[in-house]
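The values are calculated or read from the model by the stated rules, or taken from the named source; none is laboratory data. Remember, it's a predicted structure, so these values are computed and weren't measured experimentally. Every residue, glycine as well, gets a Cβ built from its backbone with ideal geometry; the counts of neighbours run over all protein chains shown. Only protein heavy atoms, including side chains, enter the accessible area calculation; ligands, DNA and RNA are left aside. Shrake-Rupley method; radii C 1.70, N 1.55, O 1.52, S 1.80 Å.
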Amino acid sequence: MKNIAVLLSGRGSNFKAIYSSIEAGYITDARITTVVSNKAEAPGLQFAKDRGLNSYFVNPSEYGSRTAYDTEIIDILKSRKTDLVCLAGYMKLLSAKFVDTFKNRIMNIHPSLLPSFPGLNAQKQALDYGVKISGCTVHFVDKELDHGPIILQKAVEIKKNDTVNDLSERILKEEHKIYPEAVRLFVENRLTLHNRKVSIDYS
């Protein structure tokens with residue numbers, strides 16, 4: 001049984017997608033044991049509390065550095081014997097210590113086809129650039145922003161009159177499919193990482 005921790009800052013819609021996939025039996029032999037947020041009022045944190053999950057608000061203002069803050073979260077996750085960390089709209093950069101502690105065991109999802117349009121407002125970046133295809137990417141987290149090895153991607157066509165909200169909604173629907181899929185592949189030990197390349201065993 002793999003123990004999953006989720007870090008979030010807001011509504012946690014991808015957290016809910018992973019949670020629902022576990023509840024529905026799509027992801028087996030895994031459980032969400034811990035949810036941590038840097039925002040006390042995050043709806044995703046309340047969702048976790050309502051379902052009896054171990055839920056923590058860790059206040060960044062109480063720590064003098066990113067490393068000190070992350071050390072507190074690391075201690076929580078270690079106490080819960082965490083196998084996989086899923087970032088679900090977590091709006092804080094991870095320290096090198098955090099990445100090293102859970103090396104190749106941290107996943108993130110980003111609303112573009114990385115390496116295109118990393119960082120904030122990826123959907124607006126795509127529209128402003130005029131690309132015809134955007135999408136979403138699940139990747140392992142390394143020490144650079146939106147840079148780690150790519151696990152899964154899904155393309156989303158950009159329509160002529162798309163607004164940022166239009167595109168964001170269509171991408172989000174695909175995020176809710178590929179993030180649980182990536183978690184399932186990890187749990188079932190179907191992912192092999194060599195340098196930057198992730199191989200998937202579908203046999």
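Please enumerate the residues belonging to the range 123-150 that are touching a Ser or Thr at 6+ places or on another chain (Cβ under 8 Å) and under 17 Å from HIS176 (Cα atoms).
The answer is GLN123, SER134, GLY135, CYS136, THR137, ILE150.
Given the residues GLU169, GLU174, which is the only one that is free of Cβ contacts under 8 Å to residues at least 12 places away in the same chain and closer than 20 Å to ILE18 by Cα?
Of the residues listed, the single one that is free of Cβ contacts under 8 Å to residues at least 12 places away in the same chain and closer than 20 Å to ILE18 by Cα is GLU169.
If I ask for residues that are part of a loop (DSSP other than H, G, I, E, B) and either β-branched (Val, Ile, Thr) or open to solvent by 10 Å² or more (accessible area, probe 1.4 Å) (or both), which ones from the range 1-14 would you list?
Hits for the range 1-14 are MET1, SER9, GLY10, ARG11.
Being in a helix (DSSP H, G or I), open to solvent by 20 Å² or more (accessible area, probe 1.4 Å) and among the aliphatic types (A, V, I, L, M) is the filter here, so list the residues in the range 15-57 that pass it.
Hit for the range 15-57 is ILE22, nothing else.
Out of everything in the range 85-98 that is surrounded by fewer than 21 Cβ atoms within 10 Å (Cβ to Cβ) and over 15 Å from GLY12 (Cβ atoms), what residue ends up being modelled with the lowest pLDDT?
Top of the filtered list is LEU93.
Can you tell which of ASP162, ASP146, ASP128 is farther than 26 Å from ILE4 by Cβ, open to solvent by less than 70 Å² (accessible area, probe 1.4 Å) and of a type in the set (Asp, Glu)?
ASP162
Taking ARG51 as the residue in question, decide whether it is touching a helix residue (DSSP H, G or I) at 6+ places or on another chain (Cβ under 9 Å) and not polar (S, T, N, Q).
Answer is yes for this residue.
Does the range 66-84 hold any residues that are open to solvent by 20 Å² or more (accessible area, probe 1.4 Å), touching a residue at least 12 places away in the same chain (Cβ under 8 Å) and among the polar types (S, T, N, Q), and which are they?
THR67, THR71 - these are the residues of the range 66-84 that are open to solvent by 20 Å² or more (accessible area, probe 1.4 Å), touching a residue at least 12 places away in the same chain (Cβ under 8 Å) and among the polar types (S, T, N, Q).
Any residue in the range 125-133 that is in contact with a Phe, Trp or Tyr (Cβ under 6 Å, 6 or more places away or on another chain) and within 29 Å of ILE74 (Cβ to Cβ)?
no
Being of a type outside the set (A, V, I, L, M), over 30 Å from THR67 (Cα atoms) and open to solvent by less than 60 Å² (accessible area, probe 1.4 Å) is the requirement here; does GLY119 meet it?
Spelling it out, it is not the case that GLY119 is of a type outside the set (A, V, I, L, M), over 30 Å from THR67 (Cα atoms) and open to solvent by less than 60 Å² (accessible area, probe 1.4 Å).
Within the range 58-88, track down each residue that is in a helix (DSSP H, G or I) and within 17 Å of the chain's Cα centre (by Cα).
Answer for the range 58-88, where residues must be in a helix (DSSP H, G or I) and within 17 Å of the chain's Cα centre (by Cα): ASP70, ILE73, ILE74, LEU77.
Conditions first: (1) charged (D, E, K, R); (2) out of contact with any helix residue (DSSP H, G or I) (no Cβ under 9 Å at 6 or more places or on another chain); (3) surrounded by 22 or more Cβ atoms within 10 Å (Cβ to Cβ). GLU175 passes all but one, so which condition is the exception?
(2)
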